[in-house]
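In what follows, a structure is listed as structure tokens, so that the remarks can point back to it.
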Amino acid sequence: MDVELQAVSQGLLRCRYVTTPRVETAIYLALRLERPLLVEGPAGAGKTEIAKALAEILDTELVRLQCYEGLDEAKTLYEWNYQAQLLRIQAEAALARPWDTLRHELFSREHLLERPLLLAITAPRRVVLLVDEVDKADEELEAFLLEVLSDFQVTIPELGTIRAVHRPVVVLTSNRARELSEALRRRCLYLWLDFPGAEKEREIVALKVPDLDPRLAAQVARFVGALRKLDLQKAPSIAETLDWARALRAMGVKELDAATVRQTLNVVLKSHEDLETAEGKAAQLLSAAARS
Amino acid sequence: VRDRLLAFVAALREAGLRVSVGETLDAVEAVAVVGVERHVLREALAATLVKDQADREAFDRVFEAWFPAASAAERAGQRRREAGFGGDRGPGSEETSGRGRAPRRETDQADPTVPRGGQDRRRRRGDGGPVRRESRRTEGQAGEAEDAPAAAARRLAARARLLNLPFKDMGPREVEEADRLVAELARRFRRRARRRQERARRGRLDVRRVVRRALSRGGVPVELLHRRPRPGTRDLVALVDLSYSTATAARFLLSLVAGAGRYFRRVTLLGFVADLAELSIEQGHVVPHGPLDLDARSDFGRVLAALLSRRGATLRRDTVLVVLGDARNNRLAPRVDLLRRARQRVRALVWVNPDPPARWNAGDSVIGLYAPHADAVLPGGDLRSLERALAEVARRVA
């Protein structure tokens, strides 16, 4: 794979994903060493976006495996389409063909329901496989993932072993709801993705909401940055900052003041307790936002 | 370059990071790919060698010492040989002192490639060695004021720490915080127990409904229908040591188990020190029914005898028996024969030991005598291992 580090940063910029050298290096290495990339960090810092941007850079598809408790192998890898097989048997009854031929057709790709992992492995070109929120999955599944991610091959008893033609680019994300196993960590490259600093966030706002007054964009970024330092139940995500910026633009706000903040803060904070905390500190937050 | 990297890895290990051989090879490969431009080199090494943000700060420190900003690479090698890495790093020592030579102090501030404090979120894990824990705090880095760790990241770190913090190191405040976390873990245990049971019941076809549905499809059973899940058919008996050394672990185990009551036919909570008493959980507190001397010396042999004679009816073929105790029997008769008898009567016996595994069988611990009669003996000295142990219990339930 002949991607240069430069190309990665330019590509990310092209997909309007603002990064730091740290992120770029990690992505670049994941591509060059063909290793899965484990991205950890608080919710809403842009972990999933990395995979999306990566798919866009490589101009390929994104195959997403959303993890949750109770997710099992059948839902991640493959299942036989039992209903279709049955109907096929019924339809064949009149033809009376030899059983061996029929069996072959019954257990062919036609009746296989490919789930994300198998899809990623069998794809005709290199795809980006996003294993989202891997910490939500059970430990058993984690062990199974580890196995698949190390050889990128899958054995289906009826079909034999399927090996990846093109190793997918794998991105795993985790919120640390559960500690991941050492083995999985060792297998992956690691990237800690935190909320951006105020300056980076201003860049993001400027990029995604281009017609917002630059001065207001900076204020919004600083305000949210200060907000995240409060002890909130849920710190505002980058997406929420952007929502807020769009809301302010729609309202034709020129400058952040106490009244506007009170009116619109519910775009950023989604719980009553958090809103109260923030309103109590409104003056302090505003002065942090005004400082340049 | 490779030798240099290997030595760097050795220094990381000395600083308390766990770096595997595979990861070292990854790092070598990574450097071959990205070259030696300093800030890229730093991130490349971090991505391959640091698999937990909690270790990042220690990594940065070692990196600063080994690949100083201003100086040429050759000089760093020389400095390394002179300085060595055995220096003390007590809590008081500044991050840049102790190792390396003086010039680095100035270059730290001047060097624009040093990442800003904002990216160096510090996260603490309880299982780090004492060296790591002590040397982590470094204040006043450039850019700290603007990019101080966000509250969300801090909370995430606190949570991870709490999960791994041994019960015996918990203060009253931490126990209180852990209580909240336990409520969450209990929900997870509940879901797990339910899922296990649902999955176990999947094999049970509802033939009558399948046939009836098939009639409308020309007799082909296209849809398989299963019976509705029924409440659990297993009993759970938790037998916990409430003496001082295991009390915290016992309390957390009880709250975790009590929450899962619906998924068992019956949950019996029994506590003991020298005697046995039935327990209940009322508003988060353990309430014994009957006399229980908490200051007595644990006598598991006697408790087993009481369990079999007075509570024998609770031990049945579909009972999962969970014992929490450190098997420190104060040199009294262990009565292994009674444990074997109890095991024979139940479906499974899981022993959770809050002692750190390194201390099992040391001193008056006789866990090794009991272990052959348990289906599993699992550590339970912190919330994380306690949760693992309960996952094992859930596995035995199905």
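We did not get these values from a lab; they are worked out from the coordinates using the rules stated. Keep in mind it's a predicted model, so treat the numbers as computed, not measured. Cβ sites come from the backbone with ideal geometry, for glycine too, and all protein chains shown count toward neighbours.
Structure values in brief
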read-out: Amide hydrogen neighbours beyond the local backbone of B:Val240, cut-off 5 Å, H modeled; value: B:Leu270, B:Gly271, B:Phe272, B:Leu324
read-out: ³J(HN,Hα), Karplus 6.51/-1.76/1.60, whole Hz, each residue of the range B:169-175, x for Gly, Pro; value: 9, 7, x, x, 5, 5, 4
read-out: Amide N proximity, the range A:70-85 versus B:Arg217 label position 7 Å along Cα-to-Cβ, cut-off under 18 Å; value: A:79-85
read-out: Positive-end residue, the range A:183-292 charge dipole about Cα centroid, Cβ charges, pick of A:Ala206, A:Leu189, A:Ala289; value: A:Leu189
read-out: Under the Karplus curve 6.51 cos²θ - 1.76 cosθ + 1.60, θ = phi - 60°, whole-Hz ³J(HN,Hα) for the range B:342-347, x wherever Gly or Pro sits; value: 5, 4, 5, 8, 10, 6
read-out: Overall form of the range B:234-361 per C-alpha gyration tensor (a/c, 1.5; a/b vs b/c); value: rounded
read-out: Spin-label pair A:Arg163/A:Asp72, simplified geometry with 7 Å Cα→Cβ offset, distance in nm; value: 3.1 nm
read-out: Helical mean residue ellipticity (222 nm; -39500 (n - 2.57) per DSSP H run of 4+; nearest 500) of chain A; value: -15000 deg cm²/dmol
read-out: Distance in nm between pseudo-label sites at B:Arg4 and A:Glu279 (7 Å out along the Cβ direction from Cα); value: 5.9 nm
read-out: Two-site FRET efficiency, B:Leu181 against A:Thr101, from Cβ-Cβ distance with R₀ of 45 Å, rounded to 0.05; value: 0.15
read-out: Stretchable slack from B:Val33 to B:Leu224, in nm (0.36 nm times residue separation minus alpha-carbon distance); value: 63.4 nm
read-out: Residue-by-residue Karplus 3J(HN,Hα) for the range B:4-20, coefficients 6.51, -1.76, 1.60, Hz, glycine and proline x; value: 4, 5, 4, 5, 4, 4, 4, 5, 4, 4, 5, 7, x, 7, 9, 10, 8
read-out: Gyration tensor (alpha-carbon) shape descriptor, the range A:1-107, a/c threshold 1.5; value: prolate
read-out: Interchain or long-range residues, amide H under 5 Å from A:Tyr78's placed H; value: A:Arg115
read-out: FRET efficiency, B:Asn330 to A:Ile156 (Cβ-Cβ, R0 56 Å, nearest 0.05); value: 0.45
read-out: Spin-label pair B:Arg311/A:Ala91, simplified geometry with 7 Å Cα→Cβ offset, distance in nm; value: 6.2 nm
read-out: Taking the range B:248-398 and dividing mean pair separation by its residue count, relative contact order in percent (alpha carbons under 8 Å, at least six apart); value: 18 percent
read-out: Selected from A:Leu149, A:Tyr78, A:His111, residue furthest toward positive end of dipole (the range A:43-154; charges at beta carbon); value: A:His111
read-out: Average partner coverage of B:47-59, which counts Cβ from other chains inside 10 Å; value: 5
read-out: Long-range amide H partners of A:Leu172 with built H, under 5 Å; value: A:Leu37, A:Leu38, A:Val39, A:Val131
read-out: Where a label projected 7 Å from the Cα of B:Ile281 along Cα→Cβ would reach, residues of the range B:172-191 with amide N under 18 Å; value: B:175-191
read-out: Under 12 Å from the A:Ala84 label point (7 Å along Cα→beta-carbon), backbone N, the range A:106-143; value: A:106-115
read-out: Footprinting exposure proxy for B:Val323, B:Val182 (fewest neighbouring C-beta atoms within 10 Å first); value: B:Val182, B:Val323
read-out: The range A:238-292: C-alpha gyration tensor shape, a/c 1.5 cut-off, then a/b vs b/c; value: oblate
